[in-house]
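The values are calculated or read from the model by the stated rules, or taken from the named source; none is laboratory data. What you see is a predicted model; the values in this text were computed from it and never measured. Counting neighbours? That spans all protein chains shown, and the Cβs are built from the backbone with ideal geometry, glycine included. Calculation scope for accessible area: heavy atoms of the full protein, side chains included, ligands and nucleic acids excluded. Shrake-Rupley method; radii C 1.70, N 1.55, O 1.52, S 1.80 Å.
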Amino acid sequence: MATKTFDYSKWDNIELSDDESDLHPNIDKDSWFRLKHRTRIEREEKEDIETKKFEKLNQEDNERINIIKARLNGLKSGQAEDDVEFEDTEALEGELNE
């Protein structure tokens, strides 16, 4: 007995519009689109500012990591300065692991 399969091809070219799904009933369409556009632009600007802030913090952290690694290598090789702050290798390694 042969089974008939349903032909879904008529649904392949259907157009869906998300614009109307979130349209507020008390606001005209053009104003709603301008509001959504402005909101999106403001959100993107805020995200850009946050991204730049995190990139700067990441760069500062990487610089600090390089300094700590250089000091640890200097202490291990015996070529470090005689400064008391740098003699605590455990503290430097702990900071490096953070």
message = Where the second residue is of a type outside the set (A, V, I, L, M) and at pLDDT below 65 and the first is open to solvent by 100 Å² or more (accessible area, probe 1.4 Å) and lies in region 10-30, which pairs have Cβ atoms under 8 Å and are six or more apart or on separate chains?
response = none
message = It is to be established whether one or more residues within region 43-52 are surrounded by 11 or more Cβ atoms within 10 Å (Cβ to Cβ) and either in contact with a Lys or Arg (Cβ under 8 Å, 6 or more places away or on another chain) or not hydroxyl-bearing (S, T, Y) (or both).
response = no
